[in-house]
Every structure is written in structure tokens, then in C-alpha cells.
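So the structure is just underneath, and the comments pick up after that.
Read-outs throughout are calculated quantities, based only on the coordinates presented, and are distinct from any laboratory measurement. If you're wondering where the values come from, they're calculated on a predicted model, not measured in any experiment. Don't worry about glycine lacking a Cβ; one is built from the backbone with ideal geometry, like all the others, and counts go over all protein chains shown.
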Ligand code: COA
């Protein structure tokens, strides 16, 4: 049943209110008491420090702010925001990655999700060539989970492995130590290109006072063991001594003021406002995620007015049209678009059209936007015989090999192999954004319920306990709830399967930032592996 524009709008606005509420749970972790506790120590909440660090009047693009909810870790259900704030902001006009521990969440310790968030921020910085600022205030590994955070690749040691390699690439990494940095965590101070420590707030040592006492019998205070005076005056492990957080923030800005201005590796044209207001997206997208969409309407609310130029619009209407391929400009930047349209089911014609377009944009060194609303490739014998397997594979190959910046925005179903062909997480898009309409799972709840039901029915028949109609209905219902719950942007956002759940009204700003940041490095030559055609 189709819904009216008004119904869609009211529904999505209400969904985004829930998103705001969840983000506020991370922003206000610990409540006013936690903020008062910080204030007594002479500290501000980490987002307040970041607000001072970035250029006045500019926006901090906070990534993955709903990470860490419903993790079900031992002793801890939620780790609000993953216990870490990451995001991109401008410092002296240059896009910079900022990573800050939130000491209000279990003393800023590292859970598996905290590490994943830290690694993701470093991966973006490395790939896009961004300098980084680390605001360090952490109790180190969350000790009850040491086996899950310490020894493996992509765990604790990888933070410093990344710092070393990124430094070797010429990327500046500045650590502003504003609290404890104990044991392995101390390396965040010592491995930085330049580190700033704050008098009587910042500590850095390989073993804290209790460990030192146990190991050597020495009794020493944290300040005398590894405070700011020790490391800036005696050990030489840190470079700048500051009296308080405000001075330290100013010092970091001064350090980065010496950086050369970044350049965009793309011809940028004058920008224009979109032809349709962003608010029209709320009305255009049906609240039922299984219902087809008009991708052109969405694109016209994102791109600069008059810049949308489709290719192959007339090709194989009804089948080829399930993917719209186009060029358009976002804030003056030319972008190639692969957009799911109508039901989004990918037929042979749509797959071929998309592959051709990905390769063409790669030849032209034009970055790509994947607007994802696809429940999968077309199944059935007609489709198999026509070669959906090989043409789908070609699309996946092209996506995997395209050397241009690629960004995925999910505005609906995101299932099965369509997740690959439309540049899902495994295809390493430079940025991946979800909206509240995104549903990422191997198949829809409805499809999964039927597949699993057929298996369950067979098992029950074998054990002479056939399912009644009521049993089947209850089974279907519980599977649909499980699958739809796991596909929801809150679940994917918690587990960092997206870089941000953006509101419809924010899409244009976020895409513009993400393309700009992704284009700070020159685009190399195209190279594709075997294609079957
Ligand atoms: N693992 C698990 N939990 C930890 C932790 C760790 N490494 N460090 C701190 N916590 C927990 C505390 O138990 C406390 O939990 P609670 O709120 O449920 O009571 C919470 O984090 C806050 O810690 P607290 O000590 O009250 O905060 P603080 O601001 O007074 O001190 C530290 C912060 C980091 C200086 C202090 O907690 C500390 O020294 N921690 C141990 C650091 C360490 O040795 N790490 C080695 C691991 S690499």
C-alpha cells in the first residue's frame, strides 16, 4: 500500500527524532554528574575541547556517534559512542581527523568497539591523507576483555603501528594528552610527531604507581612518575608543557598552523543550490522500505540545480532503469552516480549499465556515489540464463577495482550481493553513510523467514513433529523481527557498519564534506581485472 507524502514525512521525522535521542545518549554519557566530576579535575567534556580545536564557526563532522549501544559485553551492555569521539573538522583551513577518548565512559578505556572506531578513523586519515589530533585520556585496555582488545591485528597495538606508518607517509599526528595514558596507552604520547601535556592533568607511564610498587617496591606519585613536567623536562618524551586545557588546545592549533593548505584534485565548478529542497526527500521516500522509489527525485534534492545528466536513460526501460547512471555536481564537484531506482532489483541490463559507467568514470577520474536501495540481483531461470551471475560479478569487480573515491549512501534495502555491487563495507568505500531508511542484511526479514522456515519444517517432519500453521506463523514472526532488527541502522550504527547515520536534511552537506576529503589525494590510473562481458 502506498503512503502519502505527508505520511512519509511525518514518519521519517519521527525516526530521526529517535536518532537524535540515541546520539544524545552518547553526547551526555554519565549525565551532569560526570561533567561536574570532569570540571572538578579542570577538564571539559571532549566534544567541548574539539569545538575549541576546530576553526571558529566551522562544523565538526562527527562520525559513528551512535556506536557501542547494545553490545552485550561482559559487565557492560552499552558503551555510549564507543567511548571515543571521532570526526573531521577544519584546523587552519585544513581538514583534520580528530580522535578523542571520552573519559566519562569507563575512564575512556578501550572495548572492542572503541578499537574498531579508532582504527576506522585512522584508516580514513591514512587513505585521505589527513593530519590527526589525538585527545588522549584513557585507562587503556578495558581489562575484563583484555583477550579481545589486546593481542590481535586491529587491536591495541595497531593504533601505534598505524601511527608509525602514517608518520612515515608524512602525515602529522599530534597528541594532546589531557589525562591518564597508562601502559600500552602511553605510546599515544610518545609516538606522536609532537605531543602536548598539561600540568597535573596528563600522565603517561608504562606502569602506573600501583604496578611500580608491586614490581620494584618503589613508592612514587603519578605526577613524579610520568606527569607533564617529567616528560617535557626530564625524559623528553613530550614536546610542549601547558598549564591547562585551553592553553593546550591553542598550542595544538599553533603547531598545525605551519601546515601547507590542502588542494582538491578535481576541477571544481561554481556551486548552485539544489533544484528541490532537502525536505522533499522526506516526502519522496516511502515509509515502507520494500516499496519502490524515484531515485531521480532524491538526486535532484542533493545535487546542484541543473547539473544532473543521465546516461543511457532510454536503455532497456523497466529493467535497465532499475539503476540510474548519471553525472551531477555536488557543491560544484562533478560526481558519477550509480543509483538504485524503482524496486532496485538489479536485472542483467542494469548490472551491465552500472559496470560500464563505473569503468567510464574511473577512466575520467570522476569520483563515484552509490545510492543504495536494492534488495538484490534478479533471481530465477530467465535471469540466470541471461547471465545475471556473470554480469553481477562484473559489476562487483568494477566496484572493487575502481580507483576513484567511492562513497555509499544507503536509503533503503541493502541485501545480498547488491550490497557488494553497490559498494558496501567490504568494498571499502571512502565513506559509508546510512539513513534511517537503510536496511542492511543478507536478505530481508520476510525472505529469511521463508528460507529458515523451510529448513525448520523439514527438521520437524523428520522428527515426527510437524509444524502447525500457528507454529509456522510464530516462527516467521520471530525470524522477521530478528532479521529486521539486525538490519536496522541502529544495529549497524552500533557496530560501526556505517560512518554516520545521516538525516535526509544533512545528506548534501555530508556528501560534500566526504567528497572534498576524499579528493585531497590525486587519483591514480584505472586498472581492472578480468571482466566477462
Ligand atoms: N579496565 C576496566 N575498567 C577500568 C579501567 C580499565 N583499565 N580503568 C578504569 N576503569 C573503570 C573503573 O573501574 C571505573 O568503573 P566504574 O565507573 O564502574 O566504577 C571507571 O572506569 C572510572 O575509573 P576511575 O578510576 O573511577 O576514574 P578516574 O578518573 O579516577 O581514574 C584512571 C582514571 C584511568 C587514571 C584510573 O582508572 C586507572 O588508573 N585505571 C587503570 C589504568 C591501567 O592500569 N590500565 C592498564 C591497561 S593497558
Percentage relative contact order, the chain, counting C-alpha pairs under 8 Å, at least six apart: 12 percent
The stretch 78-147: C-alpha gyration tensor shape, a/c 1.5 cut-off, then a/b vs b/c: prolate
Relative contact order (percent, whole number), the stretch 5-256, Cα cutoff 8 Å, 6+ residue spacing: 14 percent
C-alpha long axis of helix 348-364 to longest principal axis of the chain, angle in °: 40 degrees
Semi-axis lengths (Å, descending) of the ellipsoid that matches the C-alpha gyration tensor of the chain: 44, 29, 21
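Once R0 is set to 45 Å, what does the formula 1/(1 + (r/R0)^6) return for the Cβ-Cβ distance between residue 472 and residue 384, expressed as a FRET efficiency to the nearest 0.05?
0.95
Run the numbers for residue 123 and residue 183: contour at 0.36 nm per residue of separation, minus the present Cα-Cα distance, in nm.
Gain on extension, residue 123 to residue 183, equals 19.2 nm.
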Angle between the chain longest axis and helix 31-40 axis [Cα atoms, degrees, rounded to 10]: 30 degrees
Length added when fully stretched, residue 59-residue 75, from 0.36 nm per residue minus Cα-Cα: 2.2 nm
Ranking of 464, 78, 28 by count of other Cβ atoms within 10 Å, fewest first: 464, 28, 78
Paramagnetic reach from residue 505 in the stretch 1-40 [backbone N under 14 Å; point 7 Å along Cα→Cβ]: 9-21
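If you take the beta carbon distance between residue 246 and residue 446 as r and set R0 to 51 Å, what does 1/(1 + (r/R0)^6) give as a FRET efficiency, to the nearest 0.05?
Efficiency, rounded to the nearest 0.05: 0.40.
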Rounded Å value of the spacing that divides the Cα centres of the stretch 325-363 and the stretch 462-533: 19 Å
D_trans [Stokes-Einstein, Kirkwood Rh over alpha-carbon pairs] for the stretch 443-486, 10 °C, 1.306 mPa s, µm² s⁻¹: 152 µm²/s
FRET efficiency for residue 263 and residue 153, using Cβ-Cβ distance with R0 set to 30 Å, rounded to 0.05: 0.35
Whole-angstrom gap from the stretch 1-79 to the stretch 283-323, using each part's C-alpha centre: 32 Å
Cβ-based exposure ranking for 3, 355, in which fewest neighbours within 10 Å come first: 3, 355
Ranking of 105, 35, 396 by count of other Cβ atoms within 10 Å, fewest first: 35, 396, 105
Helix 507-518 vs. the chain, principal-axis angle (Cα, 0 to 90°, nearest 10): 60 degrees
Cα gyration tensor shape of the stretch 438-533, rounded if a/c is under 1.5, else prolate or oblate by comparing a/b with b/c: oblate
Compactness index (Cα Rg / 2.2 N^0.38 Å), the stretch 146-281: 1.44
Rg [Å, one decimal], Dmax [Å, integer] - the stretch 5-256, C-alpha atoms: 18.3, 72
Additional length obtainable on full extension of the chain from residue 311 to residue 10, 0.36 nm per residue less Cα span: 105.0 nm
Euclidean distance between Cα centres, the stretch 208-252 to the stretch 96-166, Å: 21 Å
The stretch 373-475 - Debye-derived log10 I(q)/I(0), Cα point model, q = 0.10, 0.12 Å⁻¹: -0.42, -0.56
